[in-house]
Amino acid sequence: MNMKININGINYEVIDAKEKMTVPDCWVLKNKIGGGHGEAKFYIGNKSDELFDFFDDFTRENFVLKKDLLKYLDEVKEEYKNPEQPYRNKEQLPEFWDQYIQKLNYFEDIITFSIQYQNQITGPRVYINSSDEIYKFIRTISLPNITYLSVLKLKDNNGEIKYYWKLFVDYFNEDIQAKEIKKEEENIVEDTSLTSIEKEVIVKARKGQGEYRRKLLEECPFCPITMVSDDRLLIASHIKPWAKSEKYEKIDQKNGFMFTPTYDFLFDRGFITFTNNKEMLVSPWLSKMTCSKLNLVNNKKYNLLPIDDERIKYLEYHRNNIFKQ
């Protein structure tokens, strides 16, 4: 069954996804770490039949969504306001963030642009470029090393094919900046309404340890996807992320599932989620090849997934805020 996606009221068939293309320091404009003035060409992969099957026509329409750019800026706000990486313009980053938010107000909801294949460049690497304003804006707001671009190849009801580009954040294999996690842990330690034991329980719950893990194992003694029951191989995964949860939500076993590591990672990063009636939803931002290798099937039902009224509220948060759609 083909995957569908609705964008601003228009239904598209998802043909495939071009997954994670890391934004390098050499490509960004203002937020550079190293030397150089920035290269406008962007590396999209090595020459292969697979790449040119995806980008079969570089003259097709490309677009980004304003809401996605706003979401990206929201996700990197802490890095702009309290930078961890050694940016050259580190002192100006907080001001830059405010400027970019204001500038985004002048863009349309759907922002189209064109790309050009840099076929004059020899060698195995494939680059694209663009002279459009939004392309330069993306280069301007992107933070190197922790940002990547992905693309969906879509077909509308008229058979027209378009490319949908989106910025994502990956804080070196964490979903949020390390400083944010540290700040939240410090807030708990300094909370005078909690006993030392309560503080320990809450902090341990972030890594799926302690009392949180024990209670969750009682409810979910196996991974409902793989059916693995060896608790050495099970991870206590939060549905609503620990750092985004209220104190009671951080240690609420209803705010969790037991998964084997691969599915824990997929769920934690929003590449899969679940409906209230136990069907898996697979993110369109995973390629067909990846889904095939991982045996991910959209709308497949997992009857042993422990979903009840209390978990539904957490799942709704996950679908609306974590799931990559």
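The values are calculated or read from the model by the stated rules, or taken from the named source; none is laboratory data. Keep in mind it's a predicted model, so treat the numbers as computed, not measured. All Cβ positions, glycine included, derive from the backbone under ideal geometry; neighbour counts span all protein chains shown.
Please count how many residues of the stretch 19-61 are part of a strand (DSSP E or B) and of a type in the set (D, E, K, R).
3
Considering only residues that are under 29 Å from the mean Cα position of the chain (by Cα), more than 18 Å from residue 81 (Cβ to Cβ) and not β-branched (Val, Ile, Thr), which ones fall in the stretch 176-206?
Within the stretch 176-206, 185, 204, 205, 206 qualify.
Six or more apart or on different chains, Cβ atoms under 7 Å: show the pairs whose first residue is in the stretch 49-62 and in the same structural domain as residue 135 (by TED's automatic domain parsing) and in contact (Cβ under 8 Å) with a residue 60 or more places away in the chain and whose second is part of a loop (DSSP other than H, G, I, E, B) and of a type in the set (Val, Ile, Thr).
Final answer for the pair search is 58/115; 62/115.
Do the conditions hold for residue 236, that is, is it buried (at least 23 other Cβ atoms within 10 Å of the Cβ), among the small types (Gly, Ala, Ser) and in the same structural domain as residue 183 (by TED's automatic domain parsing)?
Taking the combined requirement at face value, the residue satisfies it.
For residues that are closer than 23 Å to residue 51 by Cβ, hydrophobic (A, V, I, L, M, F, W, C) and in contact (Cβ under 8 Å) with a residue 60 or more places away in the chain, tally how many sit in the stretch 6-27.
Adding up the residues that qualify gives 6.
Those residues that are under 21 Å from residue 266 (Cβ atoms) and aliphatic (A, V, I, L, M), I need them from the stretch 144-189; list them, please.
Passing the criteria: 146, 149, 151, 152, 167, 169, 176, 181.
Working carefully through the options 321, 298, 277, find the one that is loosely packed, with under 14 Cβ neighbours inside 10 Å and either small (Gly, Ala, Ser) or within 25 Å of residue 19 (Cβ to Cβ) (or both).
Result: 321 is the single residue among 321, 298, 277 that is loosely packed, with under 14 Cβ neighbours inside 10 Å and either small (Gly, Ala, Ser) or within 25 Å of residue 19 (Cβ to Cβ) (or both).
Within the stretch 88-142, which residues are free of Cβ contacts under 8 Å to residues at least 40 places away in the same chain and either among the basic types (Lys, Arg) or outside the structural domain of residue 60 (by TED's automatic domain parsing) (or both)?
90, 103 - these are the residues of the stretch 88-142 that are free of Cβ contacts under 8 Å to residues at least 40 places away in the same chain and either among the basic types (Lys, Arg) or outside the structural domain of residue 60 (by TED's automatic domain parsing) (or both).
Looking at residue 57, is it at pLDDT 95 or above and loosely packed, with under 11 Cβ neighbours inside 10 Å?
Here the answer is yes, as residue 57 does meet what is asked.
Among (1) surrounded by 15 or more Cβ atoms within 10 Å (Cβ to Cβ); (2) out of contact with any Ser or Thr (no Cβ under 7 Å at 6 or more places or on another chain); (3) among the aliphatic types (A, V, I, L, M), where does residue 29 come up short?
(2)
Looking at (1) among the polar types (S, T, N, Q); (2) surrounded by 13 or more Cβ atoms within 10 Å (Cβ to Cβ); (3) in contact with a Lys or Arg (Cβ under 9 Å, 6 or more places away or on another chain); (4) not in a helix (DSSP H, G or I), find the lone condition where residue 92 falls short.
(4)
Hey, residue 119 hits all of (1) surrounded by fewer than 18 Cβ atoms within 10 Å (Cβ to Cβ); (2) in a helix (DSSP H, G or I) but one; which does it fall short on?
Answer for residue 119: the failing condition is (2).
What number of residues in the stretch 162-203 are of a type in the set (A, V, I, L, M) and assigned to a loop (DSSP other than H, G, I, E, B)?
Qualifying residue count for the region: 2.
In the stretch 143-170, what count of residues is obtained for those that are crowded, with 20+ Cβ neighbours inside 10 Å and free of Cβ contacts under 8 Å to residues at least 40 places away in the same chain?
Qualifying residue count for the region: 0.
Considering only the stretch 220-325, give the strands (runs of 3 or more DSSP E) lying wholly within it that have at least 2 residues that are at pLDDT 95 or above and under 19 Å from the mean Cα position of the chain (by Cα).
Fully inside the stretch 220-325 and qualifying: 272-274, 280-282.
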